[in-house]
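The values are calculated or read from the model by the stated rules, or taken from the named source; none is laboratory data. The shown structure was predicted, so the numbers you read here are calculated from the model rather than taken from an experiment. Here the Cβ positions follow ideal geometry from the backbone for every residue, glycine too, while neighbour counts run over all protein chains shown.
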Amino acid sequence: MINAAKIARECGLAARINTVMQMAFFHLTQILPGDSALAELQGAIAKSYSSKGQDLVERNWQALALARESVEEVPLQPVNPHSANRPPVVSDAAPDFVKTVTAAMLAGLGDALPVSALPPDGTWPMGTTRWEKRNIAEEIPIWKEELCTQCNHCVAACPHSAIRAKVVPPEAMENAPASLHSLDVKSRDMRGQKYVLQVAPEDCTGCNLCVEVCPAKDRQNPEIKAINMMSRLEHVEEEKINYDFFLNLPEIDRSK
């Protein structure tokens, strides 16, 4: 076992764990002897990253050294698979087809499905990926609404549509969770409406693009923006409730 994300952060590599994992792989497999693997990886790093500066090269070298020292063995105890309380693969709110067919595939049991479980004409329901919650991000974007300019750059930049915005009438927010915030819309065409920005905490991959494109900064501390990456584990339950409520908010009438 290795805490690759922690090592990457300590070495100033953000969420990029590829260097750490490569060293861990060679350390465990001994495909190359330890010192040979280290030398080869150091050479590959210098070749790949030298154009970006020696500092980046040395940070990756530091990650290699820490990775080799940080691999730990974790003794595993026998587990009865029938007694373990495993979380469901998909939500109970999913359609029957998703719970019986898609869920089996996500669990790696697709080969066990009978032919009768599949559509006879080969057609497939649309939108089934919405039920696959990978939960792979260590950090997710959290909205600091008092700094927001409502530019929607974050929404446009997200490659997975994991952060979304809506404009809704004030009454739609009357029963909103206390943690789901909103702002008065700044656009003259929508005065009197509420602006809501919300992340899908289980779909976000933690790529940080939304934070990078955000132009709104705190004047006292420019490192704080209108959207900031924070621990997913600390916010996921609250944000799941917010996101479920957000999905049920009305869509804006585009005909007006």
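Just to be sure, is A24 farther than 30 Å from I241 by Cα and within 24 Å of the chain's Cα centre (by Cα)?
Details: farther than 30 Å from I241 by Cα: yes; within 24 Å of the chain's Cα centre (by Cα): yes.
Answer is yes for this residue.
Filtering region 213-227 down to residues that are charged (D, E, K, R) and surrounded by 10 or more Cβ atoms within 10 Å (Cβ to Cβ), which residue is nearest to the chain's Cα centre (by Cα)? First the steps, then the outcome.
Taking region 213-227 first, the residues charged (D, E, K, R) are 217-219, 223, 225.
When the remaining residues are screened for being surrounded by 10 or more Cβ atoms within 10 Å (Cβ to Cβ), the result is 217-218, 225.
On the way: K217: 23, D218: 25, K225: 19 Å.
Looking at the filtered set, the residue picked out is K225.
Inspection of region 218-234 identifies no residue that is in contact with a Ser or Thr (Cβ under 6 Å, 6 or more places away or on another chain), farther than 18 Å from H160 by Cβ and either in contact (Cβ under 8 Å) with a residue 24 or more places away in the chain or not assigned by TED's automatic domain parsing to the domain that holds R16 (or both). Just a yes or no: is a residue in region 60-69 at pLDDT 95 or above and either in contact with a strand residue (DSSP E or B) (Cβ under 6 Å, 6 or more places away or on another chain) or of a type outside the set (A, V, I, L, M, F, W, C) (or both)? Yes, region 60-69 contains at least one residue that is at pLDDT 95 or above and either in contact with a strand residue (DSSP E or B) (Cβ under 6 Å, 6 or more places away or on another chain) or of a type outside the set (A, V, I, L, M, F, W, C) (or both).
May I ask you to list the residues in region 43-84 that are of a type in the set (D, E, K, R) and either part of a helix (DSSP H, G or I) or on the phi > 0 side of the Ramachandran plot (or both)?
Residues of region 43-84 that are of a type in the set (D, E, K, R), as a first pass: 47, 52, 55, 58-59, 68-69, 72-73.
Across region 43-84, the qualifying residues are K47, K52, D55, E58, R59, R68, E69.
Just one of (1) of a type in the set (D, E); (2) under 18 Å from S91 (Cβ atoms); (3) within 14 Å of the chain's Cα centre (by Cα) fails for E238. It is (3).
Considering only residues of region 123-161 that are among the aliphatic types (A, V, I, L, M) and touching a strand residue (DSSP E or B) at 6+ places or on another chain (Cβ under 6 Å), which is nearest to T100 (Cα to Cα)? Walk me through how you get there before you give the answer.
Initially, region 123-161 is screened for residues among the aliphatic types (A, V, I, L, M), giving 126, 136-137, 140, 142, 147, 155-157.
Then drop every residue that is not touching a strand residue (DSSP E or B) at 6+ places or on another chain (Cβ under 6 Å), which leaves 140, 142, 155.
Numbers: I140: 30, I142: 34, V155: 33 Å.
Checked region 123-161; the qualifying residue nearest to T100 (Cα to Cα) is I140.
Here T100 fulfils each of the conditions (1) surrounded by fewer than 15 Cβ atoms within 10 Å (Cβ to Cβ); (2) among the β-branched types (V, I, T); (3) in a loop (DSSP other than H, G, I, E, B) apart from (3). Residues that are outside any loop (DSSP other than H, G, I, E, B) and basic (K, R) were ranked within region 134-173; the one that is farthest from C210 (Cα to Cα) is K166.
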